[in-house]
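Just so it is clear, none of the values below were taken in a lab; they were calculated from the coordinates. Please read these numbers as outputs of a predicted model, since none were measured by experiment. Glycine gets a Cβ as well: all are built from the backbone with ideal geometry, and neighbour counts include every protein chain shown.
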Amino acid sequence: MAKHNDLGRIGEETAVNYLQSKGYIIRHRNWKSGKEELDIVAEKENILVVVEVKTRSSEYFEHPKEAVTNTKIRHIVYATEAYIFTYDLMMETRFDIISVIPDKNGQFTIEHIEDAFLPPVNL
């Protein structure tokens with residue numbers, strides 16, 4: 001497996017551990033609908049929380065949260081609609097981003113942005 005894939009997998013695992021430590025229940029990881037994928041689907045206080053995880057080896061070129069473009073947001077929203085329909089959910093939904101960046105000591109800096117974006121009005 002490529003080194004960047006390993007880093008992404010470790011980043012998602014770090015994000016899951018972080019969310020669980022904050023009381024989130026992890027419903028699914030890497031949930032797919034066709035070509036679309038949701039990194040983490042969690043729940044807390046009866047809110048469905050869809051989390052996009054962005055892991056980078058450094059912030060030198062681009063902070064991970066900047067990689068969540070409008071196109072990516074549309075894909076996340078489409079997949080979330082499919083998820084809600086598949087599981088017949090009737091709950092408030094929130095979209096978060098978690099950035100994971102390793103430091104020099106092998107530890108990870110985690111930035112959790114709650115309500116990072118809203119679904120676009122015109123998909």
Over 24 Å (Cα to Cα) among 22/72; 35/104; 32/104; 22/54; 54/104 -> 22/72; 35/104; 32/104
Enumerate the calculated ³J(HN,Hα) couplings along the stretch 84-101 in order (Karplus 6.51 cos²θ - 1.76 cosθ + 1.60, θ = phi - 60°), each rounded to whole Hz, writing x wherever the residue is Gly or Pro. 4, 5, 4, 9, 6, 8, 10, 8, 4, 10, 10, 10, 10, 10, 10, 9, 10, 9
Of the residues 48, 10, 110, the Cα lying farthest along the dipole of the stretch 3-113 towards its positive end, which is defined by charges on the beta carbon of Lys, Arg, Asp and Glu, belongs to 10
Expected vector for the stretch 10-24, Karplus 3J(HN,Hα) from phi with 6.51, -1.76, 1.60 and θ = phi - 60°, integer Hz, x for Gly and Pro, equals 5, x, 5, 5, 4, 5, 4, 4, 4, 4, 4, 5, 9, x, 7
Diffing the stretch 25-41: the Karplus 3J(HN,Hα) column from phi (6.51, -1.76, 1.60, θ = phi - 60°), in whole Hz with x for Gly and Pro, holds 9, 7, 8, 8, 10, 6, 6, 10, 9, x, 8, 7, 9, 10, 4, 9, 10
Taking placed amide H atoms and a strict 5 Å upper bound, the residues 5 or more places from residue 55 or on another chain that come that close are 100
Of the peptides 42-48, 103-109, how do they stack up when ordered by the mean number of other Cβ atoms within 10 Å, highest first? 42-48, 103-109
What is the diffusion coefficient of the chain in µm²/s, taking the Kirkwood radius over Cα pairs and the Stokes-Einstein relation at 20 °C with a viscosity of 1.002 mPa s? 144
About the Cα centre, and with charges only on the beta carbon of Lys, Arg (+1) and Asp, Glu (-1), how big is the dipole of the stretch 3-113? Nearest 20 debye, please. 200
Would you mind calculating the gained length between residue 114 and residue 7 on full extension (0.36 nm times residue separation, minus the Cα-Cα distance), in nm to one decimal? 36.2 nm
Extension gain residue 45-residue 81, at 0.36 nm per residue separation less the Cα-Cα distance, in nm? 11.0 nm
